[in-house]
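This report concerns only the one structure given below.
The values are calculated or read from the model by the stated rules, or taken from the named source; none is laboratory data. On a predicted model such as this, the values are computed, not experimentally measured, just so you know. No Cβ is skipped: glycine too gets one built from the backbone with ideal geometry, and neighbour counts run over all protein chains shown.
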Amino acid sequence: MNQRITSLQAVAIIVNTILPSSILFIPSYVIHISGQDGWISILLSVAAALLLAFVIGSICLQNNRTPLLDFLAGRFGKFVSTVIGLVMCGYYFITTVTVVRHFADYMSEQILMMTPLLLLVSIIVLVSVYMASQGIEVMARVHFIVFVFVLLFVGLNVLLLGGQYDFSQFLPVFDSTPIRLAVSGFMPLGWLSEIAALLLLLPYLEKASSARGIAIWGTLISGILISVITAVTIAVFGTKIIGAMSYPAFAAIGTIEIGQFVERVDVLLLSAWTASMFAKVSVSMFVFFHLVSDTFKIKAHPALYLAGGALVVAMALYSWPSSVAVVKYSYSTLTIFFLLNNYAVSLLIWCGLRLTRHKAKTGEAGV
């Protein structure tokens, strides 16, 4: 537990945990439901997600760098902390499996069409497990570099697409009903809830008191970037043909040309996105192995990484019969899964801590 990461590195980890896979599905989802107001529904989701950031920050401020399950055992008892640990183990395992399959499906359909899915999944898991096994300090440095490149290339592509923008595509503004805006905001709200990973990263922060700021900035940066990417997609394609596209955000970037001699500038952003997806999976792997170790009192060992990685590969390959089934799952079940496991669990922990404040004060007085 001697490893430490800076607040800026922690923000980079949070953004890389939310952004990469969310931009695969959120733009087409919100545009399909709320049309040209899709980017607005994302901003409304960001406002709601800031409440979760506040809750997570409040939980972190009561915990002085103690591993989450040990902290909860001291406040709620061993049984309750074990139950929470088991729930979170299941959540991060399923999340890891899902993200690995998202990544592999995109690579298989858009870039490496002739490569077997088994090989893609195996490589993704192998690289991510290796990253997770190197410790949080090494991961944090990699995440920050990837974060900088993502910001740079997103900004570059937004500027290069400027000549194709048709701002009339946004009119009329607020044409969608409040109900449609609310419904289309559920998926972004679910993906933004992944800031809950900060609860497990707290013991490694240089300044534990900065946790609330990290949660807020991670939410704001991720939400604004998703909203900008969605707005760019609307400005380039409008709302009528996006339903026929698998990944409209990437399709918009793929239209960039400079003069008559430079094409496929989107390769720059795709390179940064690929690196960010590896970073995202590595965080899920790291948190999952951390929870398994704390819940079952197992020391980190190469055998644990090998067994966990093999299980993720098997589940990612055989949980869904096709990429279409993965997309359907992502548009419906996955969003509910995010909301229940991140918002509900975090709120229950927050409420429990408020109810047991006297126990914490008694413990401090005894010390």
Condition set in contact (Cβ under 8 Å) with a residue 60 or more places away in the chain and assigned to a loop (DSSP other than H, G, I, E, B), scope the stretch 121-171, selection farthest from Val30 (Cα to Cα): answer is Gly135
Looking at the stretch 61-86, which of its residues are under 18 Å from Phe286 (Cβ atoms) and either at pLDDT 95 or above or touching a Ser or Thr at 6+ places or on another chain (Cβ under 9 Å) (or both)? Leu68, Leu69, Asp70, Gly85
Residue check, Ile14 at pLDDT 90 or above, part of a helix (DSSP H, G or I), in contact with an Asp or Glu (Cβ under 9 Å, 6 or more places away or on another chain) and of a type in the set (A, V, I, L, M): yes
Surrounded by 21 or more Cβ atoms within 10 Å (Cβ to Cβ), under 15 Å from Val142 (Cβ atoms) and at pLDDT 90 or above, is that true of Val46? no
For the subset of the stretch 307-332 comprising residues that are more than 19 Å from Ser246 (Cβ to Cβ) and among the hydroxyl-bearing types (Ser, Thr, Tyr), which member is surrounded by the fewest Cβ atoms within 10 Å (Cβ to Cβ)? Tyr318
Given Ile31, Ile56, Ile26, which one is under 22 Å from the mean Cα position of the chain (by Cα), buried (at least 22 other Cβ atoms within 10 Å of the Cβ) and more than 24 Å from Ser282 (Cα to Cα)? Ile31
Counting only residues in the stretch 98-120 that are of a type in the set (Val, Ile, Thr) and either surrounded by 22 or more Cβ atoms within 10 Å (Cβ to Cβ) or not in a helix (DSSP H, G or I) (or both), the one modelled with the lowest pLDDT is identified as Thr115
Which condition from (1) assigned to a helix (DSSP H, G or I); (2) closer than 20 Å to Lys207 by Cα; (3) more than 17 Å from the chain's Cα centre (by Cα) is the one that Gly38 breaks? (2)
Any chance the stretch 102-112 includes a residue that's hydrophobic (A, V, I, L, M, F, W, C) and in contact with a Phe, Trp or Tyr (Cβ under 7 Å, 6 or more places away or on another chain)? no
Checked pairs for the stretch 286-301, first within 16 Å of Gln3 (Cβ to Cβ), second in a helix (DSSP H, G or I) and of a type in the set (Phe, Trp, Tyr), C-beta under 6 Å and 6 or more apart or across chains, list as Val287/Tyr92
Single residue of Val267, Val281 found to be free of Cβ contacts under 8 Å to residues at least 40 places away in the same chain and under 30 Å from Gly155 (Cβ atoms): Val267
Is it true that some residue in the stretch 64-74 is among the polar types (S, T, N, Q) and part of a helix (DSSP H, G or I)? no
State which residue is modelled with the lowest pLDDT when the search covers only the stretch 237-280 and only residues that are polar (S, T, N, Q), surrounded by fewer than 20 Cβ atoms within 10 Å (Cβ to Cβ) and assigned to a helix (DSSP H, G or I). Ser271
Checking Val83 against (1) of a type outside the set (S, T, N, Q); (2) surrounded by fewer than 21 Cβ atoms within 10 Å (Cβ to Cβ); (3) over 28 Å from Ile229 (Cα atoms); (4) within 22 Å of the chain's Cα centre (by Cα), which test does it fail? (4)
Hey, any hits in the stretch 88-102 for a residue that's over 17 Å from the mean Cα position of the chain (by Cα) and aliphatic (A, V, I, L, M)? no
Among the candidates Pro203, Pro178, Pro172, which residue alone is more than 13 Å from Asn342 (Cβ to Cβ), touching a Pro at 6+ places or on another chain (Cβ under 8 Å) and not charged (D, E, K, R)? Pro203
